[in-house]
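The values are calculated or read from the model by the stated rules, or taken from the named source; none is laboratory data. Everything numeric in this text was worked out from a predicted model, so none of it was measured. Here the Cβ positions follow ideal geometry from the backbone for every residue, glycine too, while neighbour counts run over all protein chains shown. Quick note on the areas: whole protein, heavy atoms, side chains included, nothing else; ligands and nucleic acids left out. Shrake-Rupley method; radii C 1.70, N 1.55, O 1.52, S 1.80 Å.
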Amino acid sequence: MNNGLDAPYPTLTRLTQLSFRLSRAIMCLAVLPAIACLAASVAMAQGPAPVTNLQSADHPWDGGDNADLTWEVSADDATLVESYFIYKAMMQKGPIPADLLTESERKYALVDVVPAGTTEYTVGSVPGSGYVRLKDLSDEQRALFDPNDLPDKPHKKITVELGYLFKIVAVGSDGSQSVETITAAPYSPTRQWFDAKRMYLLIITIIFGGSVVFFIQHARAGKDLKIRKIGGLAAVDEAVGRATEMGRSCMFIPGILDMNDIQTIAGMTVLSRVAKTAAEYDAKVEVPTCRSLVMTSARETVQAAYLSAGRPDAYNADFIYYVTDEQFGYVAYLQGNMVREKPAACFYMGAFYAESLILAETGNSIGAIQIAGTAMPAQLPFFVAACDYTLIGEEFFAASAYLSGEPEQLGSLKGQDVGKIIVGIGIIVGVTIATLAAWFVDTGFLTTWSEYIKGVILT
Amino acid sequence: MKRTIPLLITAIGGFVLVFAYFSPYTEDWGEKTMIWFDVIAAIAFVLGGGNLLKIHLKKTSDQAEGWGYSVITLLAFGITLLVGLLKIGVNPSPQFPHFAWSGEYRENGSPFWWLYEFAFKPLTATMFSMLAFYIASAAFRAFRAKNLEAILLLGTAFIILLGRTFAGVWLTDWMPEALSGLKIDNLTVYIMKVFVTTGNRAIMIGIALGIASMSLKVLLGVDRSYLGSGQE
Amino acid sequence: MFEFLKNLDRRWVFLLMMLSVAIPIIVIDWLGLSLPEKPSELARNVFDEIDQLNEGDKVLLSFDFDPASEGELGPMATSFVHHCAEKKLKMYFMALWPVGPQMIDDSIDRVIDQYYDDLVYGEDFVNLGFKSGGEGVIKVIVTNLRELYTTDDKGTAIDDIPMMEGVRNIRQMDLIVNVSAGSAGTKEWVQYAATPFPDDIRIVGGCTGVQAPLLYPYIPEQLPGLLGAIKGAAEYEKLVNDAYEPDPDNPRPVFTEGLRRMGPQLVAHLLIILLIVVANIIYFVERAKGGER
């Protein structure tokens, strides 16, 4: 069979053919090194050898949104490779395969760049499950679901498992790239019952909570506990007494946040004491509130206080009323009320924002005795400047223990002191390690500890 | 019983949410609880609105002292509520031209927009701007160089007050580069970054521990004063 | 005189404060001048974060303030929009405060409608409006924006807005700019967006003077730049005007609101210093008299 290669010279003599073949062989010999060089340069352009054995696995003790990648480094890791580029892409959404996902979902996104020599990496933000809405599914996609799993309304959600593919590209110092290495099948991380990232917080919570409970039990057993005098709380009785003497009312302002704020709850504790004292002295306590639920709670608190003072008849629910949720509308009302009614004592106990100084200065201008308590650091200077007494942060939360004098409540304060000791020790240890790590940069273990504290314990 | 059930709800709800924080399976329970609270608070607004009407209607009908203010409050409340709810003067949305209420309630030129633009906005801005007057009067009354701490506080206040204006730059601009850290504008940043932040952190750690301890007392039912007195 | 100052009625202080603010406002407006400004490192960082973005990059602007604080925060909101418009960035507006959308409308009216009418709603900027829930909103939109935002502020379906195509969560934004007057605000954005996703989300902010000290602990890791009150706004205005205004020496008045407000601030601060000094002189004279007695 004539292959055509011989076609140009069918009439040549055997000698001529031989000489031609010889010359072609010589030419080949001459060209070979050039071809070899060319091949080498092509290899260079293709970049380093790819990584091998790329595996994805579940990251243990997490919320199911991390995957651990492991691989064997490129054969050129020690020579050509400078870094590895790690990518992720969604490849499965419940029963929906990759070819029916949107282009943006399937697109590989760069996750991170790690240096040569790295053999493992944890990819974050890859939740193992998600949802789609019925209305967002095409007919083709809907057909993949079990009809019983589909909701009846278009906007309803269908929970689905999400699967991801990961790929790694080895990149050389000259910018050349290896061929991609991709994980074999879409991987879906799973969720565990406990998030190990929060382990240290759990330990601290148990120690702190345990110490509070321990000291409460300790106090219940009849051990003597002392508490330092808090001027602001000691002055509550004095302020109510003064209002009684002057024949004027007391105004109690429980902040501008709702009952879900712990400061409002702490304010209710102080209100309980103020109302009880007022009931005993037969003074009027007015409680304008910024939230409906606070009004309801305040009424319960004041009513119970009047009851425990033996004066249930003196309780008047109309003195505890709602004004408005609007911050400055509330402030305008309070200012007007203060100027008109001139209460002899004003209590500001709760969460306050910009209105703190407006209220305290107005109270000051009418000559009222003023006691404030808040845990808003930005507002404390204003209250300190304009009020007679201010409960600063933790003092405010200690109010219920102080005012009640009950041993078990005082026990909780002792538990709080244990928390302070833990924080104190933590700060000293952390600062010492971080400082030493900064001074002695070459000391590996100090740097490791410092990084561990910052990266694991404090996150 | 009246107090036992709320205490049980508090304790169970609180401890379950503490547990939920550490478990990925239940981490969204906290958000769901917040939604429940929002729903209750929204319903409770009816209670507040009703109380507002009751108090001011009573004051008006009794012609008690200052009843004129109550009339203004009632009028403002009623007009704003009606104009907003009924979308008075609002044109239908271009997407749904056949539905009279499909427009945006605060559409430019609508009565609600007018109330917002010419009543709500200037009134709230006025209340906020009153801070300037009260800061001046509080500074005049309260800042006294009574002791060393007060003197330090005063000095810091002057630096910050000057540093937040062009005067700070102008007064110390002549300083050589080697002493640039002492320029008032740089000192201001340093004081805010180092001293103020340090003090704030200390207060915030105390507050955080106070909140944790207070929360635990409430969850354990040791502190029941927010439900009334300590006794059953 | 001494007795008068000793028993000074607070209303005199109020009057002085009013004059110290009103006169500079009138004079500055009349003369068309403003005080020079020297941008601080923090303001420069804010400027650089926005300036390094490329045309078409996505910026989320969350305006979490209300009319009460508009006087303090409005100028920086205007400048942010000015800067983004000049850089031709895609602007996604949203608000965590109920009256935030009005603040957004004001900024759009002042800047885009007046000077950048080539920008098209839905293609170059979109107002997603207000969603209730404070930090809860942030927690959701970092993973799924469409869970909460199905329409924009005008009721147009998200899927019908061209610039929303492919936008699934706010981690896809190249920068988040927050202007806040309290809670929920910059602190929550830092805690629930920048801290959990440090590689995906970068935030710069602007806040009221009272809030600023509470945000310093987050600088620079979690919050690269921060504009504090009107001073921060003026510094940022200066940087933006120098870089982008056709005539930096005579910028358009709407872009000098912060700079012009530094005049009244200077006089008001000087008045407070004067009042403190006078009050202390009275205090020392009184104490000396007491000592003599």
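The table below lists the values:
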| quantity | calculated |
| --- | --- |
| Condition check for residue A:166: under 26 Å from the mean Cα position of the chain (by Cα), outside any loop (DSSP other than H, G, I, E, B), surrounded by 12 or more Cβ atoms within 10 Å (Cβ to Cβ) and touching a residue at least 60 places away in the same chain (Cβ under 8 Å) | no |
| Selected residue [open to solvent by less than 80 Å² (accessible area, probe 1.4 Å) and in a helix (DSSP H, G or I)] from A:244, A:190 | A:244 |
| Checklist (1) open to solvent by 30 Å² or more (accessible area, probe 1.4 Å); (2) closer than 29 Å to residue B:144 by Cα applied to residue A:421, failing item | (2) |
| Near pairs, Cβ below 6 angstrom, 6+ apart or cross-chain, from the stretch A:139-161 (farther than 20 Å from residue A:128 by Cα) to any residue that is not in a helix (DSSP H, G or I) | A:155/A:133 |
| Options C:21, C:27, C:46, C:13: the member that is assigned by TED's automatic domain parsing to the domain that holds residue C:173 and open to solvent by less than 70 Å² (accessible area, probe 1.4 Å) | C:46 |
| Restricting the stretch A:381-408 to residues that are open to solvent by less than 10 Å² (accessible area, probe 1.4 Å) and without any contact (Cβ under 8 Å) to a residue 40 or more places away in the chain, the residue that is nearest to residue A:211 (Cα to Cα) | A:393 |
| Hits in the stretch C:47-72 (condition: away from chain B (no Cβ under 11 Å), of a type in the set (A, V, I, L, M) and farther than 12 Å from residue C:173 by Cβ) | C:50 |
| Index of the failed condition, residue B:36 passing every other in (1) away from chain A (no Cβ under 14 Å); (2) out of contact with any Lys or Arg (no Cβ under 6 Å at 6 or more places or on another chain); (3) within 25 Å of residue C:133 (Cα to Cα); (4) open to solvent by 60 Å² or more (accessible area, probe 1.4 Å) | (1) |
| Count of residues meeting criterion [in contact with a helix residue (DSSP H, G or I) (Cβ under 8 Å, 6 or more places away or on another chain) and assigned to a loop (DSSP other than H, G, I, E, B)] in the stretch B:175-184 | 2 |
| In the stretch B:136-156, the residues that are closer than 17 Å to residue A:366 by Cα and either open to solvent by 40 Å² or more (accessible area, probe 1.4 Å) or touching a residue at least 40 places away in the same chain (Cβ under 8 Å) (or both) | B:141, B:142 |
| Subset of the stretch C:2-18 (residues that are assigned to a helix (DSSP H, G or I), over 13 Å from residue A:365 (Cα atoms) and more than 8 Å from chain B (Cβ to nearest Cβ)) | C:2, C:3, C:4, C:5, C:6, C:12, C:15 |
| For residue A:367: the one exception among (1) more than 8 Å from chain B (Cβ to nearest Cβ); (2) at negative phi; (3) out of contact with any strand residue (DSSP E or B) (no Cβ under 7 Å at 6 or more places or on another chain); (4) free of Cβ contacts under 8 Å to residues at least 60 places away in the same chain | (2) |
| Residues being farther than 30 Å from residue A:300 by Cα and either facing chain A (nearest Cβ under 9 Å) or in contact with an Asp or Glu (Cβ under 6 Å, 6 or more places away or on another chain) (or both) - total across the stretch B:175-232 | 5 |
| Out of C:246, C:251, C:213, sole residue that is closer than 19 Å to residue B:194 by Cβ, at pLDDT below 90 and either in contact with a Gly (Cβ under 9 Å, 6 or more places away or on another chain) or not charged (D, E, K, R) (or both) | C:213 |
| Residue, surrounded by the most Cβ atoms within 10 Å (Cβ to Cβ), within the stretch B:103-135, restricted to residues that are hydroxyl-bearing (Ser, Thr, Tyr) and within 18 Å of residue C:101 (Cα to Cα) | B:124 |
| Members of the stretch B:154-174 found to be in a helix (DSSP H, G or I), at pLDDT below 90 and either facing another protein chain (nearest Cβ under 7 Å) or closer than 30 Å to residue A:335 by Cβ (or both), listed by number | B:166, B:167, B:169 |
| Boolean, residue B:103 is of a type outside the set (A, V, I, L, M) and on the phi > 0 side of the Ramachandran plot | no |
| Failed criterion for residue A:287 (all others in (1) open to solvent by less than 10 Å² (accessible area, probe 1.4 Å); (2) in a helix (DSSP H, G or I) hold) | (2) |
| Among residues of the stretch C:120-142, those that are open to solvent by 30 Å² or more (accessible area, probe 1.4 Å), on the phi < 0 side of the Ramachandran plot and part of a loop (DSSP other than H, G, I, E, B), counted | 5 |
| Among the candidates A:275, A:283, A:304, A:332, residue that is farther than 29 Å from residue B:127 by Cα, without any contact (Cβ under 8 Å) to a residue 60 or more places away in the chain and either at the interface with chain B (Cβ under 9 Å from one of its Cβ atoms) or of a type in the set (Val, Ile, Thr) (or both) | A:304 |
| Only one of B:201, B:224 that is among the basic types (Lys, Arg) and in contact (Cβ under 8 Å) with a residue 12 or more places away in the chain | B:224 |
| Filtered residues of the stretch B:1-28 (kept if assigned to a loop (DSSP other than H, G, I, E, B) and farther than 21 Å from residue A:194 by Cβ) | B:1, B:2, B:3 |
| Filter result (at pLDDT 90 or above and open to solvent by less than 30 Å² (accessible area, probe 1.4 Å)) within the stretch B:61-83 | B:70, B:78, B:83 |
| Unmet criterion (only one of (1) crowded, with 21+ Cβ neighbours inside 10 Å; (2) among the aliphatic types (A, V, I, L, M); (3) touching a residue at least 60 places away in the same chain (Cβ under 8 Å); (4) within 13 Å of chain B (Cβ to nearest Cβ)) for residue A:253 | (4) |
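Here is a yes/no grid of residues against (1) open to solvent by 40 Å² or more (accessible area, probe 1.4 Å); (2) over 15 Å from residue C:93 (Cα atoms):
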{"residue": "C:146", "(1), (2)": "yes, no"}
{"residue": "C:158", "(1), (2)": "no, no"}
{"residue": "C:166", "(1), (2)": "no, yes"}
{"residue": "C:169", "(1), (2)": "no, no"}
{"residue": "C:179", "(1), (2)": "no, no"}
{"residue": "C:193", "(1), (2)": "no, yes"}
{"residue": "C:202", "(1), (2)": "yes, yes"}
{"residue": "C:219", "(1), (2)": "no, yes"}
